[in-house]
Amino acid sequence: MSETRRGRRLSRLPARALRGALAAVAAAALAVPLAAPAQADTPLRELADARDFEIGAALGAGYLSGDARFADLAATQFNAATAENAMKWDTVQPSRGQFNWRDADAFMDFAAANDQTVRGHTLVWHSQLPSWVSNGGFGAAELRGIMESHIDAVAGRYAGRVAYWDVVNEPFNDDGSWRNSVFYNTLGEGFVADALRMAAEADPNAELYLNDYNIEGINAKSNAYYELARDLLAQGVPLDGIGMQAHLINGQVPADLQRNIQRFADLGLDVAITELDVRIPMPADQNELQQQARDYRAVLDACLAVDRCIGVTVWGIVDRYSWVPDVFPGQGAPLIYFDDYTPKPSYYAIQEALGGPGGPGPGPDPEPGACEVDYTVQNQWSTGFTGQVAFTHNGASALSGWELSWSWPSGQRVSSGWSGTWAQSGSTVTVSNAAWNGAVPAGGTVTVGFNATHSGGNTAPTAFTLNGQACTAV
Ligand code: XIL
């Protein structure tokens with residue numbers, strides 16, 4: 001079993017062939033007209049198809065049916081799709097033995113009509129799990145039976161039409177220990193292997209994944225996956241891939257993302273980025289949107305660089321419908337279209353990563369990395385002030401020299417500076433390293449100081465760059 005599966009995985013053709021074949025039988029009436037989007041010349045899906053890559057989106061059932069602009073973007077920009085909620089346990093089997101297929105069927109029809117590869121999401125998860133399962137007090141045999149009939153019903157219903165299943169979602173805590181779910185608590189860690197075997201029975205053609213967040217970098221949690229995946233493969237359990245959700249914080253793409261993807265690929269697994277979004281403290285300014293674009297670019301680049309990384313799915317399309325503000329108060333704007341459905345810099349970053357023209361996107365320096373700047377006025381009098389600027393270099397590798405820059409909004413002029421070489425041209429200040437502080441390790445902080453003049457207003461700058469890359473002001 002495991003050998004055949006592995007052989008099949010080496011080619012991406014089956015999923016694509018499946019998608020093509022399904023399109024042929026799809027109800028043409030459901031197809032959304034392929035109108036060219038206003039500001040984005042080459043649709044992402046066209047660029048992705050040309051590279052044999054999948055660019056997907058999570059599609060909410062209510063938006064598909066109730067928002068024509070959303071449905072149009074879903075159809076025209078993406079060659080892959082995940083149901084945002086429609087296939088989850090609480091939607092599909094809200095009470096024991098009672099199934100509700102309405103939204104899931106509608107989603108499947110939409111994907112088929114628009115020739116999209118489907119990622120099934122998700123079969124076994126502690127969340128969005130009805131209380132009849134989580135609080136049922138079932139013994140191991142009965143719970144295993146409940147899990148089996150659920151997997152059978154859902155994966156069985158869509159067998160042959162789902163290319164990938166997120167079979168188990170989020171079984172680990174961030175420290176790499178097992179999460180206390182009703183499944184783990186009742187069945188022990190064997191529930192994962194059981195679920196994978198049950199899914200393989202129900203749909204022998206689907207590629208079977210484990211899916212989680214905070215496993216994009218190399219850390220305790222992704223190490224736990226690495227060990228688990230190795231064990232499962234050694235036991236011949238049908239595991240085909242790892243889904244990295246990638247719910248990220250702006251400026252914090254793990255520097256070792258590509259290395260992490262590669263180590264799972266080296267185990268013989270596929271990897272998919274399954275739920276990408278990059279959240280920003282609201283309101284998001286231009287600087288943050290540019291940083292977000294670089295983050296999207298970095299994620300796409302990391303995946304594209306590893307042959308077995310099959311695609312990237314964005315968790316939504318337009319900012320206005322994102323789950324982020326509900327779950328991370330004060331944060332938002334994590335997606336690739338503005339609330340008015342125009343493409344964001346992050347959209348153009350994806351377009352460019354896929355070999356397209358890009359647009360007014362992330363600019364010429366897509367190198368991943370991030371910095372934070374803390375700008376403080378320490379002392380101020382009528383015509384002058386003393387300030388301190390500390391930057392933290394969050395990039396992947398050490399710097400051997402640096403140049404920090406900002407622009408003063410209200411006519412300030414530096415008169416002397418220390419811990420660096422200072423220059424000002426117009427309103428733009430540039431500080432480069434002194435002979436002794438050019439070397440900055442990843443995560444290192446450098447502090448510089450200055451005296452300056454001002455003529456009344458002394459508004460602090462809000463945008464900083466370090467070696468040409470935008471920093472976050474803290
Ligand atoms: C989220 C949906 O986007 C929301 O609409 C819903 O209210 C909660 O779940 N990890 C997952 C996804 O695997 O299923 C979650 O989706 C986001 C986090």
When the label point is put 7 Å from the Cα of residue 127 along its Cα-to-beta-carbon vector, which residues of region 303-333 have a backbone N closer than 13 Å?
-> 323-329
Note: residue 403 to residue 46 extended length (0.36 nm per residue) minus current alpha-carbon separation gives 124.6 nm
Once both labels are modelled 7 Å past Cα along the beta-carbon direction, what's the residue 423-residue 218 spacing in nm?
-> 3.9 nm
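Please state the relative contact order of the chain as a whole percent: Cα pairs under 8 Å, 6+ residues apart? Could you put the intermediate results ahead of the total?
Details: 1015 pairs, mean separation 56.6, N = 474.
Answer for the chain is 12 percent.
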Measure nothing but the geometry: give the 0 to 90° angle between the long axis through the Cα atoms of 220-234 and the longest principal axis through the Cα atoms of the chain, rounded to 10°.
-> 30 degrees
Going residue by residue through region 269-277, the Karplus relation 6.51 cos²θ - 1.76 cosθ + 1.60 with θ = phi - 60° gives ³J(HN,Hα) values, rounded to whole Hz and with x marking Gly or Pro, of 9, 7, 10, 9, 8, 9, 8, 4, 8
Taking trypsin sites (Lys or Arg not before Pro) in a DSSP loop with at most 16 other Cβ atoms within 10 angstrom as exposed, one finds the longest site-free stretch of the chain at 180-474
Residue 153 and residue 180 label points (each 7 Å along its Cα→Cβ direction) are spaced in nm at 2.9 nm
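Could you tell me what percent of the DSSP beta bridges with both partners in the chain are antiparallel, to the nearest 5?
Values: 45 of 84 bridges.
If I count the DSSP bridges inside the chain, around 55 percent turn out antiparallel.
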Once both label points are put 7 Å beyond Cα along the C-beta direction, the residue 340-residue 376 separation in nm becomes 4.0 nm
Measure nothing fancy, just the Cα-based angle from helix 286-304's long axis to the longest principal axis of the chain, in degrees from 0 to 90, nearest 10.
-> 50 degrees
Between the DSSP loop rule and a limit of at most 14 other Cβ atoms within 10 Å, which chymotrypsin sites (Phe, Trp or Tyr not before Pro) in region 382-474 are left?
-> 436
One finds the C-alpha centres of region 174-234 and region 443-474 to be spaced, in Å, by 45 Å
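Once you have the Cα-Cα distance between residue 416 and residue 98, take 0.36 nm times their residue separation minus that, and quote the gain in nm to one decimal.
Details: separation 318, 0.36 × 318 = 114.48 nm, distance 7.46 nm.
Separation in residues times 0.36 nm, less the Cα-Cα distance, equals 107.0 nm.
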Quote to one decimal, in nm, the extra length available between residue 252 and residue 140 on full extension: 0.36 nm per residue of separation minus the C-alpha distance between them.
-> 36.2 nm
Report, by chain and number, residues whose modeled amide H sits under 5 Å from the one on residue 394, excluding near sequence neighbours (fewer than 5 apart, same chain).
-> 370, 371, 372, 443
Can you work out the FRET efficiency for the pair residue 437 and residue 460, with r the C-beta to C-beta distance and R0 = 30 Å, to the nearest 0.05?
-> 0.80
Dipole axis of the chain (+1 Lys, Arg; -1 Asp, Glu on Cβ), positive-most option in 198, 143, 427 | 427
In degrees between 0 and 90, to the nearest 10, how far off the longest principal axis of the chain does helix 68-77 point, with axes built from Cα atoms?
-> 90 degrees
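Please compute the contact order of region 371-473 in relative form: average sequence separation of alpha-carbon pairs under 8 Å and at least six residues apart, divided by the residue count, as a percent.
38 percent
Based on the Kirkwood radius over alpha-carbon pairs, what is the Stokes-Einstein translational diffusion coefficient of region 181-237 at 37 °C with 0.692 mPa s viscosity, in µm²/s?
Numbers: Rh = 12.5 Å.
Here the translational diffusion coefficient equals 262 µm²/s.
So how strong a dipole does region 95-191 carry about its Cα centre when Lys and Arg Cβ are +1 and Asp and Glu Cβ are -1, to the nearest 20 debye? Intermediate values should be presented prior to the final figure.
Numbers: 7 positive and 12 negative charges, 49 e Å.
Roughly 240 debye, rounded to the nearest 20.
Send over the per residue convex hull volume for the chain, Cα only, as a whole number of Å³. Could you put the intermediate results ahead of the total?
Numbers: hull volume 72.1 nm³, N = 474.
With only Cα atoms used, the chain gives 152 Å³ per residue.
Bear in mind these aren't lab numbers, they're just calculated from the coordinates by the rules spelled out. Model, not experiment: these values are computed from the prediction. Every residue, glycine among them, receives a Cβ derived from its backbone with ideal geometry; neighbour counts consider all protein chains shown.
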